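Student: Before anything else, here's the structure in question.
The values are calculated or read from the model by the stated rules, or taken from the named source; none is laboratory data. These numbers were taken from a predicted model, which means no experiment stands behind them. Positions of Cβ are generated from backbone atoms using ideal geometry, with glycine treated the same way; all protein chains shown enter the neighbour counts.
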Amino acid sequence: MVDYGEVDFQISVWSPNVGSPTLQVQGDSSIALDTAAGAAADNPSGNTVYTGTPLGGNAADTGTTASDFGNGNVWSIQLYAAAGTVDSFSGLSPVAGSTANFFVDSTVEGYAGSWNSSSAATVPGVANGSPATLAIAAWYNGNGVYTSYAQALAAGQLTGYSTLGVVDLNGVPNIPPDLPGLGQAQTLSGGITSFNVYSSIPEPSTIALGVIGMSAFLMRLRRK
């Protein structure tokens, strides 16, 4: 769960979809993370279906592999930003000082695995009162080995990022007043939603089928 300290914005970061580890999913869900702990569903609620599990949330999970979704310490999250309106995540850059792990303390925000981003983060290169595009990225940090989204992605680890939202910055000199959640009054366009981490490397069966298909194509060329 990602909570900016405002009850009107709450999203979730999920593990890969069951049976579809290479599928990127983005969008808010109506599923409550943990009703026993009092954790509500995404706010605003949506219709996106996630078949995995939320990252973090199990204080008893001390595993350190990429399949240990309950151990928030092996999963990192960071704010990404760019000046003006940007259409794709690739156009954003990580914001220094905004990296954190998922909490695993069940007393935090009423649910283990939450990340509270209420601390201020300065977005460089954006004048006070000017718009900026923001997003959130998450990745498996290899128990401290991968210190950035880019490192984890290059190593073929599980990574993911949210949809993008545009908001006017304010503060001294340029602090987001709030993350631009979907449907919030201060969001100028788009809006950050829930998302999952996924594998950017195709499954072996997919690669094998691709090789077989190419071989058949070459064989047809030779017959002509």
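Student: Out of curiosity, is THR163 under 18 Å from GLN26 (Cα atoms), at pLDDT 85 or above and surrounded by fewer than 20 Cβ atoms within 10 Å (Cβ to Cβ)?
Tutor: On the way: under 18 Å from GLN26 (Cα atoms): yes; at pLDDT 85 or above: yes; surrounded by fewer than 20 Cβ atoms within 10 Å (Cβ to Cβ): yes.
Taking the combined requirement at face value, the residue satisfies it.
Student: List pairs: first residue in the range 64-93 and free of Cβ contacts under 8 Å to residues at least 60 places away in the same chain, second residue surrounded by 22 or more Cβ atoms within 10 Å (Cβ to Cβ) and not aliphatic (A, V, I, L, M) anywhere in the structure, Cβ distance under 6 angstrom, at least six positions apart or on different chains.
Tutor: Qualifying pairs under 6 Å: PHE69/SER15; GLY70/GLY57; GLY72/GLY56; GLY72/PHE102; GLY72/GLY113; ALA82/THR133.
Student: Sticking with this one: All but one of (1) of a type outside the set (Val, Ile, Thr); (2) under 24 Å from GLN24 (Cα atoms); (3) modelled with pLDDT under 90 hold for ASP105; state the number of the condition that does not hold.
Tutor: All conditions pass for ASP105, except number (2).
Student: Take the range 129-158 and flag every residue that is crowded, with 23+ Cβ neighbours inside 10 Å and polar (S, T, N, Q).
Tutor: Selection gives THR133, ASN141.
Student: Check ALA138, ALA121 and return the single one that is of a type in the set (A, V, I, L, M, F, W, C), assigned to a loop (DSSP other than H, G, I, E, B) and modelled with pLDDT of 70 or more. Full working, then the answer.
Tutor: Numbers: ALA138 fails: assigned to a loop (DSSP other than H, G, I, E, B).
That would be ALA121, the only listed residue that is of a type in the set (A, V, I, L, M, F, W, C), assigned to a loop (DSSP other than H, G, I, E, B) and modelled with pLDDT of 70 or more.
Student: State yes or no: is GLY56 modelled with pLDDT of 75 or more and assigned to a loop (DSSP other than H, G, I, E, B)? Full working, then the answer.
Tutor: Numbers: modelled with pLDDT of 75 or more: yes; assigned to a loop (DSSP other than H, G, I, E, B): yes.
Yes; evaluated as a whole, the condition is true for this residue.
Student: What number of residues within the range 73-86 are over 17 Å from PHE195 (Cβ atoms) and not hydrophobic (A, V, I, L, M, F, W, C)?
Tutor: 3
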